Amino acid sequence: MEQSVARPQSELAPGEVLKLAQLAPSILRNIPKSFSSSLLLSLFSASETPEIWTAYENLLLACCRTGDMESAREFLERLVLRFGNDNERVLAFKGLVKEAAADNQGELVQILKEYETILGPTTTNIPVAKRRVALLRSMGKTSEAIEALNDLLDYSPTDAESWAELADIYLSQGLYPQAIYSLEEVLVLTPNAWNIHARLGEVLYMAASSSDTLRQKHLTESVKRFSRSIELCDDYIRGYYGLKLATGKLLKDPPKVSMHAESGDWIPPDTTTTEKLNELATKKLAEIVRRNLAGEPLWQGYKPSEIAAARELLEKDSADLVR
């Protein structure tokens with residue numbers, strides 16, 4: 001079975017998702033619909049493994065994304081056969097398949113009502129509660145999606161995925177303080193997640209452009225977050241990209257010593273430190289771009305869009321130096 005079937009859908013490019021979905025019919029033909037729990041029978045047939053069900057879930061998602069609803073329903077049928085109709089994840093996948101097959105807004109409204117019936121007065125079914133949030137958001141009901149997520153987090157405050165989704169919704173509405181708070185909650189739960197440190201750095205960088213009074217503070221915090229992300233993951237391109245942008249802005253408009261710095265609330269880096277960080281980010285981005293484009297095996301895996309953005313940033317920086 002292809003290695004990509006075990007990877008989360010969020011890590012796959014559209015072309016990879018399409019390729020994965022195209023494998024679905026042959027996988028359905030070659031793997032039995034059910035597995036025996038008998039030790040004797042398992043000696044003569046395929047054995048059940050957790051990886052099989054992870055692959056089925058990922059293939060179901062890929063089929064929904066590419067419109068192969070026949071294969072998606074077949075994978076769903078196998079999940080139902082194994083885990084039952086009332087399993088929480090199965091209920092969420094049932095709703096997801098219905099969402100993907102829906103032709104109009106009325107059908108989506110009906111699916112939303114089904115989610116609300118399953119949940120009842122509580123939100124104890126986490127997978128279905130998350131599907132409800134996703135559906136509300138896709139229907140443009142942003143305020144209801146925020147309310148539903150807050151209800152979910154009241155019940156399950158240690159759900160990092162829900163905090164990250166809430167941050168993304170707040171960010172889409174330009175609510176930077178709320179987005180920053182939500183991402184900080186994610187880091188409380190996953191302190192070594194370098195991608196979240198970089199994401200928080202990006203949000204702080206955006207917030208710096210929207211507030212004159214907090215600009216320097218947000219830029220300083222942004223540099224700290226990007227620095228932490230590359231400390232945790234030495235080749236994380238988004239961390240270096242953000243670090244170069246944030247330090248570049250600080251160098252153009254150096255922070256002035258203020259009462260905030262003197263009181264210890266936040267202390268901006270000195271110019272020498274900022275220059276060194278900017279130089280480090282520049283060198284690392286150049287190395288990543290050069291080795292990736294040269295086809296070196298250990299430097300592949302970056303998204304083409306990330307390499308293109310890094311290359312453009314470096315070229316712009318070089319042009320500015322020439323001028």
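Throughout, read-outs are computed from the coordinates displayed, never taken from laboratory work. From a predicted model like this one, the values you see are computed outputs, not experimental measurements. Glycine gets a Cβ as well: all are built from the backbone with ideal geometry, and neighbour counts include every protein chain shown.
A few points about this structure:
- Intensity falloff of the chain expressed as log10 I(q)/I(0), Debye formula with alpha-carbon point scatterers, at q = 0.07, 0.10, 0.11, 0.15 Å⁻¹: -0.39, -0.76, -0.88, -1.27
- Rough spin-label spacing in nm, given labels placed 7 Å along Cα→Cβ, for GLU77 and LEU18: 2.8 nm
- Cross-link partners of LYS141 among lysines (Cα-Cα below 30 Å; sequence separation of 8 or more within a chain): LYS94, LYS98, LYS113, LYS130
- Inter-probe distance in nm under a simple model that places probes 7 Å from Cα toward Cβ, at TRP53 and GLU279: 5.5 nm
- Anchor LYS284: lysines whose Cα lies under 24 Å away (excluding residues fewer than 8 positions away in-chain): LYS224, LYS244, LYS249, LYS252, LYS276, LYS303, LYS316
- With viscosity 1.002 mPa s and temperature 20 °C, the Kirkwood radius over alpha carbon pairs of the stretch 122-249 converts through Stokes-Einstein to a diffusion coefficient of 141 µm²/s.
- Farthest toward the positive end of the dipole of the stretch 102-190, out of ALA129, ALA179, ALA102, is the Cα of ALA102, where the dipole comes from beta carbon charges about the Cα centre.
- In terms of packing, defined here as the mean over residues of other Cβ atoms within 10 angstrom, the peptides 129-135, 169-175 line up highest first as 129-135, 169-175.
- When peptides 204-210, 188-194 are ranked by their average number of other Cβ atoms within 10 Å per residue, the highest-first order is 204-210, 188-194.
- Helical runs assigned H by DSSP (4 residues or longer) give the chain a calculated mean residue ellipticity at 222 nm of -23500 deg cm²/dmol, each run adding -39500 (n - 2.57) before division by the residue total.
- A simple charge model with +1 on the Cβ of Lys and Arg, -1 on the Cβ of Asp and Glu and nothing else charged puts the dipole of the stretch 45-180 at about 120 debye relative to its Cα centre.
- Taking the three principal axes of the alpha carbon atoms in the stretch 102-190, the coordinate ranges are 38, 27, 17 Å, sorted in descending order.
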